[in-house]
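Step one of this worksheet: look at the structure below.
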Amino acid sequence: MNKLILVPILLVLAACQAIETKREAYPSMYDPALKPLSIIVVPAINKSTAADAGDLITATIPQPFADNGYYVLPLPIVHKIFQDEGIVDGTQMINAPASMFKNVFGADAVLYVTIDAWETNYIVLAANVTVGLSYVLRSTTTDQVLWSYKARQVVDTAGQSSGFLLLDVIKTAVATAMTDYLPIAYRANAQAVTTMPFGGYHPQVGTDGNAGVVLKSVKEDAVKDLGDGS
């Protein structure tokens with residue numbers, strides 16, 4: 001076989017091996033004894049330099065997971081309880097026993113969200129806004145990871161060239177500065193949720209196990225990102 005043909009084939013095969021079906025990637029999510037119905041979301045772990053990123057993420061989390069068939073405990077109430085206890089960052093909760101979330105809140109699983117990118121990159125005419133989020137869902141019964149995923153959204157904010165360099169520089173700077181992060185965060189959440197098996201409140205629950213959409217390295221990287229929160 002021609003070597004020029006063989007190399008692309010090997011690359012394709014390597015890529016295929018890195019892809020898992022939902023059932024292969026997240027087998028516990030199909031176990032009736034472990035599959036969660038209710039999820040509690042702890043405050044985001046903010047590794048970015050944007051102080052308000054955690055609060056903005058809070059506003060974008062519940063809907064995609066609810067649409068996927070899960071009951072997300074009301075975040076304003078949950079986070080008020082956390083704040084009353086002096087907990088304002090998810091880093092403080094990483095080493096807490098998962099069973100605590102079941103005993104106190106009655107949740108089947110706890111979701112940790114790590115913000116690893118929330119930034120604007122601007123170089124004259126080239127500019128973009130990046131939101132990077134890692135998700136780890138843990139069982140409150142066994143403390144094992146049920147689902148994990150690393151999502152990243154990059155939005156190009158450079159406008160179409162007008163032919164005038166100074167005008168293009170100004171347009172790019174203004175467009176980048178005025179970019180709303182919320183829609184980008186929503187898209188990152190939606191991207192992540194597509195890899196998550198349907199929850200018990202979804203009409204198609206249990207039918208998506210053979211969907212091959214999960215990149216193994218992305219799943220594993222999310223757990224590494226959580227780490228000890230440092």
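The values are calculated or read from the model by the stated rules, or taken from the named source; none is laboratory data. Being a predicted model, the structure only gives us computed values, none of them experimental. Here Cβ is always computed from backbone atoms with ideal geometry, including for glycine, and neighbour counts include all displayed protein chains.
For the list (1) surrounded by fewer than 16 Cβ atoms within 10 Å (Cβ to Cβ); (2) within 14 Å of the chain's Cα centre (by Cα); (3) within 15 Å of Leu137 (Cα to Cα), I need the number of the one condition that Val110 fails.
Going through the list (1) surrounded by fewer than 16 Cβ atoms within 10 Å (Cβ to Cβ); (2) within 14 Å of the chain's Cα centre (by Cα); (3) within 15 Å of Leu137 (Cα to Cα), Val110 breaks only (1).
Please give the number of the condition Asn189 fails out of (1) at pLDDT 50 or above; (2) more than 10 Å from the chain's Cα centre (by Cα); (3) of a type in the set (S, T, N, Q).
For Asn189, the failing item is (2).
For segment 206-218, give me each residue that is crowded, with 17+ Cβ neighbours inside 10 Å and modelled with pLDDT of 85 or more.
Matches in segment 206-218: Asp208 only.
In contact with a helix residue (DSSP H, G or I) (Cβ under 9 Å, 6 or more places away or on another chain), over 28 Å from Ala59 (Cβ atoms) and at pLDDT below 80: which single residue out of Ser162, Ser230 fits that description?
Residue meeting the stated conditions: Ser162.
How about segment 36-72: which of its residues are surrounded by fewer than 17 Cβ atoms within 10 Å (Cβ to Cβ) and modelled with pLDDT of 85 or more?
Residues satisfying the conditions are Leu37, Gln63, Ala66, Asp67.
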